[in-house]
Every structure is written in structure tokens, then in C-alpha cells.
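A.B. asks: One structure, as C-alpha cells, below. Some questions next.
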Amino acid sequence: MKVLITGGAGFIGGNFVRHQLEHRPEDSFVCLDALTYAGNLSSLEEAMRRPNFRFVRGDISDRDAVGRLFSQERPDALVNFAAESHVDRSIGDPALFLRTNAVGAQVLLDACRAHGARFLQISTDEVYGDLPLEGDSAFTEGSPLRPSSPYSASKASADLLALAYFRTYGLPVTVARASNNFGPWQFPEKLIPKLIARALQNRPLPLYGHGGHVRDWLYVGDCVRALDEILRRGQPGEVYNVGGGNPRANLDVARAVLRALERPESLIAFVPDRPGHDARYALDCAKIRRELGWVPEISFEDGIESTVRWYVDHRAWWTKTPGL
Ligand code: NAD
């Protein structure tokens, strides 16, 4: 099988590329990525040496370029990670998010339709909106979509387009809605790598509001295993929640990072809350467990330990990040 991976130079996409090259050596892979500020070719250095991997720089919303790539490569399946992915940036520039996340997805869906390729959309728990802080309710795949930010609204648009292409054209699509990932190669504007980088520099760890917002943390290695299952065994037209089962308040995440690095809690600094900030996310993952047998294997504590170690060892990469 030939798989086109869009956004493979980003955090989860890059981890997926490495997972596939290791576990699916019989397949071949093409990565299409625009290399925005979040794209990082050095994460694909080893992949580039493999004969069954090719990197192409390009924009998923460029219809001609995508069409040419499909004609050349004729992929059997496409996994779409390419996106603008940072909620804070979406508040400043919603149009860019709509162009990449919604229009870009539609360009890819059209290309899959024209060339008979399967389509796996990588989506987020944020499309469901948020839950009250108190209680243990969780979103199922049938929960209504109530996105809060321009980012999550653009992701919800792509999900709906993908499912409409299944219904209208019979295109074999699947949608994976993942919770907050963490692990190696995450751009340090996101919470966990930012906390690690700040702590390593003995600088304040900024937390929005009261630090009580709850996210369900998923180690990226577990996430890419789930995506592999969905790509290969998921039912066309279906949505799969992929959650880590690790609900943690941001304050507890900061404390865990500080503990792992033996730094004082006095580094924590509360900053004014983000507009429209979601209180809590939680996913019911009974469907993927039942149908595909996937469960997360890495505990939050082990994931934090290995992520902290990775950022300590890769200081040269993240110290270049502007604004850290
Ligand atoms: P990321 O920001 O690290 O990477 C995104 C990648 O997409 C980058 O390599 C970037 O260069 C590329 N890209 C951006 N615009 C592009 C365009 N127009 N054409 C081609 N490539 C383009 O993102 P991530 O954290 O790896 O997330 C990957 C996907 O998973 C996204 O769709 C995101 O919405 C989704 N997701 C992320 C998380 C998370 O916690 N990180 C959780 C759930 C879902």
C-alpha cells in the first residue's frame, strides 16, 4: 500500500511517519508538508534515508500541486495531519485556519475521490466543545459538535466535509478524534513542551487563569498506534475517539514537570485567561477499544518522564523557538 501523509513534518505526523516506517516496512510513504513554522524537517532525517519514503514540500490547499502529486504517486490512502493547530494563533488569524484546515481538507478529499484513495482525517476532541469542570461525563462519537474556538470550528468543518463525502460520494473516509497529545518533537508553543523548556531555563511557567482547565493527556506513541489501527481496520464512514484516559488539570501537569526536573513550584505563574477557554475535555473511547482492540499503554507519569528526558537531550532544537 502507498500512503500519502500530509503534515508529516509536524509533531504527530512525524511520530506517525517513524511508527509506519518501523512497523509497516512493506508499505511506501510520501509526505506532503508546507513546512510552516510548525514543520520540522530535521524530525524526518532518518526517514529521508529510507527507500520507501519521499518528502515533498507543498500546500494542501494548492489544488494544482495536490492534483499533480496524486497523478505522480497514485496513493492508496491519505492520512491528513496538515493543519494550523494552535488555538491561541487561531484567535488572531481565523482566516488562515479556515484555509488550511477546512479548504485544505476539501482539496484533499476531492483528490482522493478522483483517484480512488481512502481518507483518514486527524481531528480533535475540541470539536465537541467543553464539559463542566465538575463530574466525569465524557463525549462519545455521537455527541453534538460545539466547537469554541476558530481552530476547533475549522477542524469540525473538515470532519463534516469528510463524512459528507462518504455519504454523498461513497468515499471511504474515517475520522479520528484525538485528545491532547504530548511527547517528542512537539513544538514548544504547546503546553507540555513549553512548561519543560521554561523550567529548564528557570523561567516562569505561565498557566492560564487558575490552572484548573482539564485535558485528557495521550502519549503520542499510543496515538499513532491507534491511527495505524483506524487506517487499516477502521470502518468507512465512522468516527473514532482516541483518548489517553489521563485527565489532568493544567496545574497538576505543571507540577509533574517541575517534579521530574526537580525545580520549585514557585516557578508557576498564573496569567490572564484565554478568551473562550474550554474548561474540560473527556472522551469515551469504548468504540475503538471494542472494535479495534486499542487501549493506551503509556501512563501519564511514564510519558512525562520520557518526554522531559527527550527535551533535555534535544535542547539545541527547541532553544531556537522564538518567544520561549
Ligand atoms: P503541528 O502544528 O505540530 O503540525 C502541523 C504540520 O502541518 C506542520 O508540519 C505544518 O508544516 C503542516 N502544515 C500546516 N499547514 C499546511 C498546509 N497548508 N499544507 C501542508 N502542510 C501544512 O500539529 P500536530 O500537533 O502534529 O497536529 C497534527 C494534527 O492532529 C492536526 O490536524 C491537529 O488538529 C490534530 N490534533 C492534534 C492534537 C495535539 O494534541 N497536538 C490533538 C488532537 C488532534
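Just so it is clear, none of the values below were taken in a lab; they were calculated from the coordinates. Since the model is a prediction, treat every value here as computed from it, not as a measurement. Because the Cβ atoms are built from the backbone with ideal geometry, glycine has one as well, and the counts that use them run over all protein chains shown.
A.B. asks: Run the Debye formula on the Cα coordinates of the chain, all scatterers equal and no solvent, and tell me log10 I(q)/I(0) at q = 0.15 1/Å.
C.D. replies: Debye curve over Cα of the chain, log10 I(q)/I(0) at q = 0.15 Å⁻¹: -1.29.
A.B. asks: For region 107-213, state what percent of all Cα-Cα pairs lands in each successive 5 Å bin, counting from 0 Å until the bin that includes the largest distance.
C.D. replies: Whole-percent P(r) values from 0 Å outward: 2, 10, 15, 17, 16, 15, 10, 7, 5, 2, 1.
A.B. asks: How fast does region 1-123 diffuse by Stokes-Einstein, in µm²/s, taking the Kirkwood radius from C-alpha pairs at 37 °C and 0.692 mPa s? Can you show the working numbers first?
C.D. replies: Working: Rh = 14.4 Å.
Rounded to a whole number, D works out at 228 µm²/s.
A.B. asks: Please compute the contact order of the chain in relative form: average sequence separation of alpha-carbon pairs under 8 Å and at least six residues apart, divided by the residue count, as a percent.
C.D. replies: 18
A.B. asks: Mind putting a number on the dipole of the chain about its Cα centre? Charges go on the C-beta only, +1 for Lys and Arg and -1 for Asp and Glu, and I need it in Debye to the nearest 20.
C.D. replies: 560
A.B. asks: Now a separate question. Magnitude of the Cβ-charge dipole of region 47-154, K/R +1 and D/E -1, about the Cα centre, nearest 20 debye?
C.D. replies: Numbers: 12 positive and 15 negative charges, 167 e Å.
That gives region 47-154 a dipole magnitude of about 800 debye.
A.B. asks: For the chain, give me the percentage of DSSP beta bridges that are antiparallel, rounded to the nearest 5 percent.
C.D. replies: Approximately 10 percent, going by the DSSP bridge assignments.
A.B. asks: What does a probe at HIS115 reach in region 36-72, counting residues whose amide N is under 16 Å from the point 7 Å along Cα→Cβ?
C.D. replies: Of the residues in region 36-72, 53-72 have backbone N under 16 Å from the label point off HIS115.
A.B. asks: Fully extended, how many nm does the chain gain between SER266 and SER42 (0.36 nm per residue separation, minus their Cα-Cα distance)?
C.D. replies: Full-extension gain reported as 77.2 nm.
A.B. asks: Taking amide hydrogens as modeled 1.01 Å from N in the peptide plane, which residues meet the under 5 Å criterion relative to TYR208, leaving out close sequence neighbours?
C.D. replies: HN-HN under 5 Å from TYR208: VAL271.
A.B. asks: Calculate, axis by axis, the spread of Cα positions in region 166-302 along the three principal axes, and write the results as whole Å, longest axis first.
C.D. replies: 54, 32, 23
A.B. asks: Does a label point 7 Å from the Cα of ALA95, set along Cα-to-beta-carbon, have any residues of region 147-162 with amide nitrogen under 17 Å, and which are they?
C.D. replies: Taking a point 7 Å out along Cα→Cβ of ALA95, the residues of region 147-162 whose backbone N falls under 17 Å are 150-151, 154.
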